[in-house]
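Notes follow once the structure below has been shown.
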């Protein structure tokens with residue numbers, strides 16, 4: 001399971017960070033998904049190995065412009081590349097009207113069909129063949145959602161010790177068992193595959209949150225998650241100065257929640273442009289320090305173009 | 001009069017060229033105008049000296065996405081910067097519905113008013129204090145327009161020879177005459193300012209075309225223009241291979257027109273992404289060679305971020 005950040009700024013782009021966009025893919029899969037599509041996401045994609053040909057689904061967390069204004073241009077470009085495969089677009093209910101109205105007023109025709117899926121109906125549709133997707137309603141100025149992506153299946157591992165104990169030598173038989181197939185031995189014995197497989201590992205799960213001022217809303221989803229990707233728009237002091245209106249989270253709020261929930265990997269993103277990279281203060285380092293003080297797990301602050309890999313043991317690392 | 005290209009690609013962005021956007025400003029003016037606003041225009045602006053605070057008007061040539069999909073994000077960012085001054089948005093009639101529908105579905109509120117001006121009503125509105133703006137209908141798949149920008153006024157120049165002949169010494173009196181004020185001399189004589197001013201120079205004029213397959217539609221406007229900025233999406237061979245559907249111009253078509261019309265400066269832009277910078281062929285060099293063969297004036301092929309200055313004598317040059 002791997003993901004790549006295409007934008008990590010909140011509200012407006014900066015010289016180094018674009019507005020929200022995140023590419024997600026199972027390792028080895030040709031298709032990929034996009035979570036949020038701020039303006040300029042297609043420009044970012046040009047500088048990655050991702051292709052609009054293989055983009056299967058776009059998930060929009062909420063209808064604010066910094067999360068969806070890149071959608072029409074990306075759809076148009078996919079059309080100009082003569083894509084013909086259906087594209088899923090998943091999001092809050094106004095998203096379909098947003099896209100249709102733009103297509104109509106700008107006379108945009110597409111050579112591929114779009115299947116709109118309102119978040120409420122996501123449970124009825126198998127959007128991705130390899131990942132289950134669940135939503136959690138968050139708290140923001142407009143309806144906002146987190147998407148949880150969980151592996152549908154995990155690979156089987158044969159019980160090497162048991163097979164050796166029973167004198168079954170490595171070879172094609174082991175392979176059949178690993179596929180989950182029962183096997184008849186030359187002596188007529190039948191091996192029931194499930195008796196020779198180790199208990200399956202935990203299915204990997206990543207939560208990608210939309211804008212949200214109440215991380216605790218993710219408590220249930222977090223119980224089985226390996227990774228939480230969540231906005232940390234402000235540090236706590238500036239969040240309180242701003243007052244309740246923006247309805248965002250501070251680094252401290254998210255870090256405390258993730259720590260209490262026992263999530264092993266936390267990736268913060270969606271930083272207010274006031275936090276500069278190299279500045280004295282406020283700087284991105286302030287956000288990091290605040291989160292580190294409250295969270296003992298593996299913490300990352302996302303940068304544009306960074307690629308992360310979640311291995312089968314649930315360890316998250318930046319890809320080189 | 002100066003302008004800066006924010007995007008010079010047609011249809012989709014490339015790694016080096018964004019989709020259409022052009023900043024225009026009278027020298028010394030604090031306010032500026034934007035002609036077309038493809039996706040990512042606000043990102044380009046971040047890397048210039050332009051500010052959304054001083055953007056007075058946006059002119060959209062036609063409703064195709066590569067000319068207007070950057071508008072909602074730019075408006076939103078101007079709002080986040082707490083702009084309060086009114087913004088003019090000029091364009092084809094569906095533009096207002098496009099913007100309003102996006103604002104509604106994405107719950108975008110702006111702290112400044114927008115004044116929509118449909119191109120048909122442009123003559124009734126003084127959008128810019130320093131430039132007259134006229135439209136010319138072009139020929140494309142959707143209604144498309146050229147905007148001609150002409151200086152409203154030119155500076156006065158005193159007739160130095162005549163003032164010297166009449167024994168009027170340089171000093172404050174010359175200044176008053178240059179301002180167009182009549183002057184009473186100490187001896188009671190009254191100088192009528194207009195008798196001591198040289199004939200005014202030609203008012204500078206720049207035409208910025210939208211997508212168009214018939215450059216000759218600009219013949220009347222071209223008679224008094226110093227600069228034509230026009231699409232040259234393809235070379236002539238590829239234009240003919242594509243057939244009539246895209247309704248674009250080739251470099252040859254525009255160059256021949258500009259040559260026949262006697263326009264002194266021609267700037268080509270809006271190149272199909274198939275023309276690469278360094279490639280063997282098709283390359284941007286092919287477009288340039290084709291245009292040079294048909295045009296004897298001063299020819300430029302625009303690149304993103306290039307800034308051009310049109311001096312008072314009607315000479316166009318790239319700014320360093």
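The values are calculated or read from the model by the stated rules, or taken from the named source; none is laboratory data. Small disclaimer: the values here were computed from a predicted structure and weren't measured. Positions of Cβ are backbone-derived with ideal geometry, glycine not excepted, and every protein chain shown enters the neighbour counts.
Below, the figures for the structure above:
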item	result
Residue under evaluation residue B:117, criteria (1) more than 24 Å from the chain's Cα centre (by Cα); (2) away from chain A (no Cβ under 12 Å); (3) within 23 Å of residue B:138 (Cα to Cα), criterion not met	(1)
Scan of the range A:17-37 for residues that are more than 17 Å from residue A:232 (Cα to Cα) and either over 10 Å from the mean Cα position of the chain (by Cα) or at pLDDT below 95 (or both), ordered by number	A:26, A:27, A:28, A:29, A:30, A:31, A:32, A:37
Scan of the range B:42-66 for residues that are part of a helix (DSSP H, G or I) and more than 9 Å from chain A (Cβ to nearest Cβ), ordered by number	B:44, B:45, B:52, B:53, B:54
Matching residues in the range A:9-41 - criterion: being away from every other protein chain (no Cβ under 11 Å), in a loop (DSSP other than H, G, I, E, B) and within 22 Å of residue A:77 (Cβ to Cβ)	A:20, A:29, A:30, A:31
Residue within the range A:53-66 that is in the same structural domain as residue A:24 (by TED's automatic domain parsing) and farther than 22 Å from residue A:210 by Cβ present	yes
Residue list for the range B:228-252, filter: surrounded by fewer than 24 Cβ atoms within 10 Å (Cβ to Cβ) and either within 16 Å of residue B:300 (Cα to Cα) or within 16 Å of the chain's Cα centre (by Cα) (or both)	B:252
Single residue of the range B:67-79 satisfying the filter (farther than 19 Å from residue B:140 by Cβ and more than 7 Å from chain A (Cβ to nearest Cβ)) that is farthest from the chain's Cα centre (by Cα)	B:79
Matching option when the condition is in contact (Cβ under 8 Å) with a residue 40 or more places away in the chain and assigned to a strand (DSSP E or B), among A:263, A:229, A:238	A:229
In the range A:73-86, the residues that are in contact with a strand residue (DSSP E or B) (Cβ under 9 Å, 6 or more places away or on another chain) and either closer than 19 Å to residue B:75 by Cβ or in a helix (DSSP H, G or I) (or both)	A:73, A:74, A:75, A:78
Exclusive hit being touching a residue at least 60 places away in the same chain (Cβ under 8 Å) and either crowded, with 16+ Cβ neighbours inside 10 Å or touching a helix residue (DSSP H, G or I) at 6+ places or on another chain (Cβ under 8 Å) (or both), set A:76, A:137	A:137
Residues satisfying the stated conditions in the range B:308-320, i.e. buried (at least 16 other Cβ atoms within 10 Å of the Cβ) and farther than 17 Å from residue B:263 by Cβ	none
Residue check for residue A:207: buried (at least 16 other Cβ atoms within 10 Å of the Cβ), assigned by TED's automatic domain parsing to the domain that holds residue A:143 and part of a strand (DSSP E or B)	yes
Matching residues in the range A:82-109 - criterion: being surrounded by fewer than 21 Cβ atoms within 10 Å (Cβ to Cβ), under 25 Å from residue A:31 (Cβ atoms), at the interface with chain B (Cβ under 10 Å from one of its Cβ atoms) and within 22 Å of the chain's Cα centre (by Cα)	A:96
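The rows are residues; the columns are (1) within 30 Å of residue A:223 (Cβ to Cβ); (2) without any contact (Cβ under 8 Å) to a residue 40 or more places away in the chain; (3) touching a helix residue (DSSP H, G or I) at 6+ places or on another chain (Cβ under 7 Å).
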{"site": "A:94", "(1), (2), (3)": "no, yes, yes"}
{"site": "A:102", "(1), (2), (3)": "no, yes, yes"}
{"site": "A:122", "(1), (2), (3)": "yes, yes, no"}
{"site": "A:126", "(1), (2), (3)": "yes, yes, no"}
{"site": "A:150", "(1), (2), (3)": "yes, no, no"}
{"site": "A:160", "(1), (2), (3)": "no, yes, no"}
{"site": "A:185", "(1), (2), (3)": "no, yes, no"}
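Residue-by-condition table, conditions (1) surrounded by fewer than 16 Cβ atoms within 10 Å (Cβ to Cβ); (2) touching a strand residue (DSSP E or B) at 6+ places or on another chain (Cβ under 6 Å):
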residue	(1), (2)
A:111	yes, no
A:115	yes, yes
A:127	no, yes
A:131	no, yes
A:145	no, yes
A:151	no, no
A:165	yes, no
A:168	no, no
